[in-house]
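*Asks:* Before anything else, here's the structure in question.
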Amino acid sequence: MPLFGNSFSPKKTPPRKWASLSNLHLLDRSTREVELGLEYGTPTMNLAGQSLKFENGHWVSESGSFLGDRRELQRLRKRNQQLEEENNLLRLKVDILLDMLSETTAESHLMEKELEELKQRSRRKK
């Protein structure tokens with residue numbers, strides 16, 4: 001006989017007849033769009049005073065000042081290109097410096113090994 005008997009056995013709840021009590025699922029699509037506000041339109045945002053909208057997978061400026069945007073975009077692309085070239089040059093310099101360091105370290109280890117051998121020879125002669 002177990003210490004705690006099976007005296008507690010709750011009744012099972014009956015299954016629900018309807019998943020939702022709302023009748024919105026019974027409405028046709030146009031009524032649902034009006035009721036629930038599903039007609040969003042194109043997404044828009046405002047960044048630094050520039051209004052943008054999302055069309056065909058790209059953010060497009062709503063204002064007509066494309067000329068200023070293009071000049072700024074060209075300037076930024078040119079600056080980006082300069083920075084990429086500078087970054088590549090610096091990476092090359094770092095690689096060269098690492099090669100020089102490894103060569104110098106290898107030479108230093110060889111010299112230390114030769115010095116130890118010379119010390120051992122001089123001790124044997126005495």
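*Asks:* How would 12, 119, 93 line up by accessible area, probe 1.4 Å, largest first?
*Replies:* Largest accessible area first, the list is 12, 93, 119.
*Asks:* Here's a follow-up. Amide H of residue 62 versus every other amide H placed in the peptide plane: which residues, excluding those fewer than 5 positions away on the same chain, fall under 5 Å?
*Replies:* Placed amide hydrogens put 51, 52, 53 under 5 Å from residue 62.
*Asks:* Shifting gears a bit: Would you check the accessible area of residue 9, probe 1.4 Å, heavy atoms only, in square angstrom rounded to 10?
*Replies:* 90
*Asks:* Further question on the same structure: Might you work out the accessible area of residue 83 for me, using a 1.4 Å probe with all protein chains in place, and round it to the nearest 10 Å²?
*Replies:* Probe radius 1.4 Å; accessible area of residue 83 about 80 Å².
*Asks:* What FRET efficiency would be calculated for the residue pair residue 75, residue 44, taking the C-beta separation as r and a Förster radius of 35 Å, to the nearest 0.05?
*Replies:* 0.85
The values are calculated or read from the model by the stated rules, or taken from the named source; none is laboratory data. Here the structure is a predicted model, which is why all the values come from computation and not from measurement. A quick note on method: Cβ atoms are made from the backbone with ideal geometry, for glycine too, and the neighbour counts reach across all protein chains shown. The protein model used for the area step is the full one, side chains on, heavy atoms only, and it has no ligands, DNA or RNA in it. Shrake-Rupley method; radii C 1.70, N 1.55, O 1.52, S 1.80 Å.
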